[in-house]
Every structure is written in C-alpha cells, then in structure tokens.
Amino acid sequence: MKCRRCRQPAAIEIRRHNAAFCPPCFEHHCIEQVRKAIDEFDMVGAGDRVLVAVSGGKDSLALWDMLVSLGYDADGLYLGLGIGDYSSDSAVYTRAFAEGRGLKLIEVDIPTEFGFDIPGAALVTKRVPCSACGLSKRHLFNQAALEGGYDVVATGHNLDDEAAVLFGNVLRWQTDYLGRQLPVLPAAHGFPRKVKPLVRLGERETAAWCVLRGIDYQVEECPNAVGNKHLGYKEALNAIEDASPGSKHAFYFEFLSKASKHFTPQAEAEQEGLRPCTGCGAPTTDQELCAFCKLVARVARATQAEAATKAGKAGTG
Amino acid sequence: MKVLLRNPKREVDVPGPLRVSALLERLAVNRESVLVIKGDTLVTGDAVLADADTVEVRPVISGGA
Ligand code: SF4
Ligand SMILES: [Zn+2]
Ligand SMILES: [Zn+2]
C-alpha cells in the first residue's frame, strides 16, 4: 500500500477517507483535521490561553501535542482520581510527556485536596464510579480554568467518543443531552468555553499519532471502564464502520448539521436557572451547594460517621 | 512470529509468513479497533509479516467517558 500524498510505503490506512499515509503525511493529515475542526467551529481564537485536560491516555496527550505543534499556548491539567494503580501510572505518563517537552502541567490531586477518592465516593453515593468521576472532572476543569485565567478548556474527545455518546443518547432519546452534544460550548454563566478539537479524528488515528510520534501513553484502561455501555456502543459502531466506512463520521457530522439545532432550546432553558454555589461560587442550578460541594460534604460525613463507629467499638472492646 | 496482545497482556505464536489482514482475521479482531505495531512504526493490512517478526496488536478503543 502506498501513501496517497507521496507514494512512499504507507504505515496506516484510513478507510473512511479511502486513503493510506506514510508517517510524515499521516502527521500532516492529523494536523489538518484538527486545524479544520478548530476553524470550522471557532474553537480557539488568536491569543487564547488553552487548558488541555490530560489523563495520560492517547487522546489527551495527542491533543496536547497537536495544539502545541499548531502553535497554541496550551498548558495541561491532570486530575489525580485516586483509582489505584491506574491513577498512579497515568500520572507517570502525563508527567513524563510534559517534562520531555518542557510544557506546563497543573496537577490537582482529589484525595489530597478534597479528602476522597473516586472508588470511595462511589461507595458512599451508591452509584457507579464514573458518576462521581465525571461530576468531579467537570467541576475541577472549570474551576482550574477560571482560577488560571484560561479562555478555553480542551478535551480529547474524538470522533469515536462523540459518535458513541450520540448513539447512546439517540437510543434513549435523551433530548436534554442531545442539545448539549456540541464540539464547542461557548463561555457563559461563569463557565469557560469548552472545545473538542479531535472530533474529526478517530481513536485509531489518535493512537497512531502517539505511536508514530514516540509518545508513551497509558494503554491500560481504567478498571471502571471495563464492560461499560460506552464500549459496547463503540463496538457496535465499529462493526457498522467495518462494513461501511465513513458511517461514524456521517452519523455525527450530519447530526451536527441537520439535527442538533432542534434540541438546543431545551438545553438553553436549563442554563437560565443558574446561581452561584454557596460553598465554592461555581454556577449551579441547585439551591445552595453545587453537586461537587455536596459530594465532598457527603463523603466527609460518611468518613466521620465511620470514624465515630470505630472509636465507639474501640471504647467498648 | 510473536504476537503481543493486550487486555490481558499476553503473547501468542502464529506461524508466518502471513498478511496483517489474515493475522487479524485469525485473531478475530476488527481492523477498525486495533493498530498493528512493528518496531517503532505501524504496518498496513496488506503488509506481509515474516515468521521471525515480533508485532504488537494494540487495541485503540477506550471506555472512559
Ligand atoms: S472510566 Fe469512569 S471512573 Fe474511570 S476515569 Fe473514566 S469516568 Fe472516571
Ligand atoms: Zn507520504
Ligand atoms: Zn460548590
């Protein structure tokens, strides 16, 4: 197989583009896709300071690398989630990447700063770990961006992620989520702008970017991801893609151009009732504390109660 | 050839020479969901792997939300 651009031997085939590329031309292809996404959706303006949410996985490290290659002023934000070996390893990959390239990495360790970890929060709230995890990530990304004076938060969601989330939302007609599933959410009501510059790249491409650029990333999955619905949707979509290349791209981009506008009014109405959280000042639709402050308080109460029970037992025993 | 697989990490021996596409079929993996890595580069589906080669078949699907 030969490279479509230069006719040298190809390293990767991308069937939805009916193309194959050699390593240098593949890098060019990826950069062009990201540039196109940024321009098409007005993601980052000249002089904007970008905060990249990095996890140590392929997507976020590729994104950071690409934004820097494109000349953007982009720092990284890593959240310590306290998920055993997965978290300690992911920190190692992230720090090595930042140090090797002389990039600025901001770290927020949830256990140290807020006194709980994601598995612990899941036990206390009796919900899946991803629920406390997602809530904490959203909150802390916003907070770090506002505190650090960043204009925009960039996340590594790729075409496969967006197509899988869309698939799940359509299966259950989650109209509120459909209204918010956009590659750019503008800054509003105290939230920074949020952008997904990788929406034109599949995860096979972001992984290939890392391999070809020599980026060592965490291949192992978070233990809480194993067997979740999101993975099932991705597998189903990949079976369709295999039979009909380009299906995922059409599914997502046709949604954006033809359907998403029918769902935005509802999403906007929800934003209207926002007020500042009495604990941290973050915008929230809740009465007093925002969802994150409630979570922190709830875990603290559970920990105190447990300590009291233990002390009681020690006293009587 | 030696084939390194992930999740769980393991190694299998597959006799070569063999085309990458045939290897993936034999392993029953969807070509959309993996990369085939040889040394520090990638190989396409039509590449022929020799019996002495070592390759990694790396899944690219992540489940994090
Ligand atoms: S899989 Fe769930 S718990 Fe693990 S990092 Fe992703 S959202 Fe968090
Ligand atoms: Zn080329
Ligand atoms: Zn709060």
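The values are calculated or read from the model by the stated rules, or taken from the named source; none is laboratory data. A quick note: this is a predicted structure, and the numbers were derived from the prediction, not measured. With ideal geometry, Cβ positions are generated from the backbone for all residues, glycine too; neighbour counts draw on all protein chains shown. To get the accessible areas, we keep the full protein, side chains included, count just its heavy atoms, and leave off ligands, DNA and RNA. Shrake-Rupley method; radii C 1.70, N 1.55, O 1.52, S 1.80 Å.
The table below gives the values:
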{"read-out": "A:A132 farther than 15 Å from A:G56 by Cβ and in contact with a Pro (Cβ under 7 Å, 6 or more places away or on another chain)", "value": "no"}
{"read-out": "Test set (1) part of a helix (DSSP H, G or I); (2) more than 16 Å from ligand 3 (Cβ to nearest atom) - A:P245 fails condition number", "value": "(1)"}
{"read-out": "Residues of segment A:204-221 satisfying the condition of being under 15 Å from B:N7 (Cβ atoms) and away from ligand 1 (no atom under 16 Å from the Cβ)", "value": "A:A207"}
{"read-out": "Meets criteria (away from ligand 2 (no atom under 16 Å from the Cβ), surrounded by fewer than 19 Cβ atoms within 10 Å (Cβ to Cβ) and under 19 Å from the mean Cα position of the chain (by Cα)) for A:V68", "value": "yes"}
{"read-out": "Those helices (runs of 4 or more DSSP H) lying entirely in segment A:148-237 with at least 2 residues closer than 23 Å to A:Y78 by Cα, within 9 Å of another protein chain (Cβ to nearest Cβ) and aliphatic (A, V, I, L, M)", "value": "A:203-213"}
{"read-out": "Residue under evaluation A:R275, criteria (1) without any contact (Cβ under 8 Å) to a residue 12 or more places away in the chain; (2) farther than 30 Å from B:V29 by Cβ; (3) open to solvent by less than 50 Å² (accessible area, probe 1.4 Å), criterion not met", "value": "(3)"}
{"read-out": "Lone unmet requirement of (1) in a helix (DSSP H, G or I); (2) touching a Lys or Arg at 6+ places or on another chain (Cβ under 7 Å); (3) within 30 Å of A:G115 (Cβ to Cβ) for A:K313", "value": "(2)"}
{"read-out": "Selection status of A:Y86, more than 16 Å from ligand 2 (Cβ to nearest atom), hydroxyl-bearing (S, T, Y), within 22 Å of A:V211 (Cβ to Cβ) and open to solvent by 40 Å² or more (accessible area, probe 1.4 Å)", "value": "yes"}
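This table checks each residue for (1) at pLDDT below 95; (2) touching a Gly at 6+ places or on another chain (Cβ under 8 Å); (3) within 23 Å of A:F41 (Cβ to Cβ).
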| position | (1), (2), (3) |
| --- | --- |
| A:P183 | no, no, yes |
| A:P192 | yes, no, yes |
| A:L201 | no, no, yes |
| A:E205 | no, no, yes |
| A:A208 | no, no, no |
| A:Y217 | no, yes, no |
| A:N224 | yes, no, no |
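Matching residues to (1) within 16 Å of ligand 1 (Cβ to nearest atom); (2) without any contact (Cβ under 8 Å) to a residue 40 or more places away in the chain; (3) within 14 Å of chain B (Cβ to nearest Cβ):
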position: A:C6; (1), (2), (3): no, yes, no
position: A:C25; (1), (2), (3): no, yes, yes
position: A:G47; (1), (2), (3): no, yes, no
position: A:A96; (1), (2), (3): no, no, no
